[in-house]
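The values are calculated or read from the model by the stated rules, or taken from the named source; none is laboratory data. Keep in mind that what you see is a predicted model, and the values were worked out from it rather than measured. Here the Cβ is made from the backbone with ideal geometry for all residues, glycine too, and neighbour counts use every protein chain on show.
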Amino acid sequence: MYKLVSLDMDNTTLDNNHRISAKTRETLEKAHKKGVRIIMNTGRTHNESEKYLEYLDFVDYSVTSNGSVVYERKSDRFYRVNELNMDYVRAAQKICRKYKDSVLFLVADETRCYMEKDYVQSRGLELFNEIIGIELEAVEDLAGHFEKRFAGKSVIMGDRSILEKIKDELHEIFGEDIQLRYSLESALEILNPEMDKSEGLKLIMELCGIKKEEVMAIGDGENDIGMLKQAALGIAVANACEPLKKIADYITLSNVEDGVAHAIEKFVLA
């Protein structure tokens with residue numbers, strides 16, 4: 001029997017309008033009442049996820065910023081799992097300033113994302129507002145702002161063609177010492193090589209005394225590969241990227257067809 005279900009948010013649990021359907025919520029609540037822990041495991045920050053956690057009030061833990069932060073709701077406690085290498089922030093900041101009209105460069109702490117004031121007219125900010133839609137805190141210098149505080153993740157948002165150029169420049173500097181992955185078509189995430197959603201999931205498994213054979217995970221993107229591998233049953237939604245589908249144990253319906261609910265009904269509630 002599965003005791004924990006780890007769910008990606010965007011394009012998995014959320015539909016294309018960034019909402020959780022009534023059917024999905026009802027199905028997840030049924031699993032919770034059966035004794036299954038439901039956790040949200042997302043590239044979003046805590047503040048970006050909070051409105052969904054309020055709607056899913058039975059969720060015990062969340063993993064945010066791609067495994068960098070774990071939040072325990074009952075105790076209102078944050079666990080720092082992995083801190084972003086500041087060398088990446090400084091290098092990305094320098095590169096992104098060349099494209100500031102086209103991209104948005106963000107860095108997050110435990111709860112929220114920060115941007116530089118120079119990006120207020122950026123195409124990347126338009127994309128962020130369209131997809132995420134929460135207020136960002138603006139600072140003069142991101143690298144300076146995070147010199148003495150925890151940095152959980154960094155993301156660059158913009159058109160894919162520009163992101164590919166930035167990705168190539170960062171790889172030229174750091175080679176295999178940096179991890180660059182797309183969580184969305186227009187979102188390139190900058191991570192430490194060991195940073196992954198699976199790290200946050202592992203911590204929750206340890207805290208709850210749950211074994212790998214008791215874990216199920218569902219996702220759609222490249223940044224969900226580690227999470228699916230950490231679970232005994234890794235499931236991709238039908239709209240998932242091909243690399244995730246290749247390693248998945250099962251492919252459920254798409255995010256607009258309540259694929260999460262379908263998988264829960266099939267493997268948890270049946």
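If you take the residues of region 240-270 that are among the basic types (Lys, Arg) and farther than 21 Å from residue 3 by Cα, which of them is surrounded by the most Cβ atoms within 10 Å (Cβ to Cβ)? For region 240-270, the residue satisfying everything is 245.
Taking region 215-225 as the range and being within 12 Å of the chain's Cα centre (by Cα) and buried (at least 22 other Cβ atoms within 10 Å of the Cβ) as the test, the residues that pass are 219, 220, 221, 223, 224, 225. Identify the residue in region 110-121 that is more than 14 Å from the chain's Cα centre (by Cα) and in a loop (DSSP other than H, G, I, E, B) and, among all such residues, is farthest from residue 72 (Cα to Cα). In this case the residue turns out to be 121. Out of all the residues in region 255-266, is one or more among the hydrophobic types (A, V, I, L, M, F, W, C), within 19 Å of the chain's Cα centre (by Cα) and over 23 Å from residue 21 (Cα atoms)? No, region 255-266 contains no residue that is among the hydrophobic types (A, V, I, L, M, F, W, C), within 19 Å of the chain's Cα centre (by Cα) and over 23 Å from residue 21 (Cα atoms). With respect to the conditions (1) farther than 18 Å from residue 179 by Cα; (2) touching a Gly at 6+ places or on another chain (Cβ under 8 Å); (3) not assigned by TED's automatic domain parsing to the domain that holds residue 248, residue 11 falls short on a single one, namely (3). All conditions but one from (1) of a type in the set (Lys, Arg); (2) surrounded by fewer than 21 Cβ atoms within 10 Å (Cβ to Cβ); (3) at pLDDT 90 or above apply to residue 37; the one that does not is (2).
Under the condition of being more than 22 Å from residue 196 (Cα to Cα) and in contact with a Lys or Arg (Cβ under 8 Å, 6 or more places away or on another chain), the residues counted in region 73-103 number 4. Among the residues of region 155-213, those that are under 16 Å from the mean Cα position of the chain (by Cα) and polar (S, T, N, Q) comprise 179, 183, 186, 192, 198. Which ones in region 244-262 are of a type in the set (A, V, I, L, M, F, W, C) and farther than 23 Å from residue 182 by Cβ? Across region 244-262, the qualifying residue is only 261. Applying the criterion of being hydrophobic (A, V, I, L, M, F, W, C) and touching a helix residue (DSSP H, G or I) at 6+ places or on another chain (Cβ under 6 Å) to the residues of region 157-177, the residue that is surrounded by the fewest Cβ atoms within 10 Å (Cβ to Cβ) is 173.
Within region 108-147, track down each residue that is basic (Lys, Arg) and surrounded by 15 or more Cβ atoms within 10 Å (Cβ to Cβ). Step through it out loud before you land on a result.
Quick first cut of region 108-147, residues basic (Lys, Arg) only: 112, 117, 123.
Matches in region 108-147: 112, 123.
Sort out which residues of region 30-76 are in a helix (DSSP H, G or I) and either out of contact with any helix residue (DSSP H, G or I) (no Cβ under 9 Å at 6 or more places or on another chain) or in contact (Cβ under 8 Å) with a residue 60 or more places away in the chain (or both), and write them in order of number.
Here is the first cut: in region 30-76, the residues in a helix (DSSP H, G or I) are 30-33, 46-55.
If the condition is that a residue be in a helix (DSSP H, G or I) and either out of contact with any helix residue (DSSP H, G or I) (no Cβ under 9 Å at 6 or more places or on another chain) or in contact (Cβ under 8 Å) with a residue 60 or more places away in the chain (or both), then 30, 31, 32, 33, 46, 47, 48, 50, 51, 54 are the ones that fit.
Could you say whether any residue in region 90-98 is under 29 Å from residue 16 (Cβ atoms) and in a strand (DSSP E or B)? Within region 90-98, none of the residues are under 29 Å from residue 16 (Cβ atoms) and in a strand (DSSP E or B).
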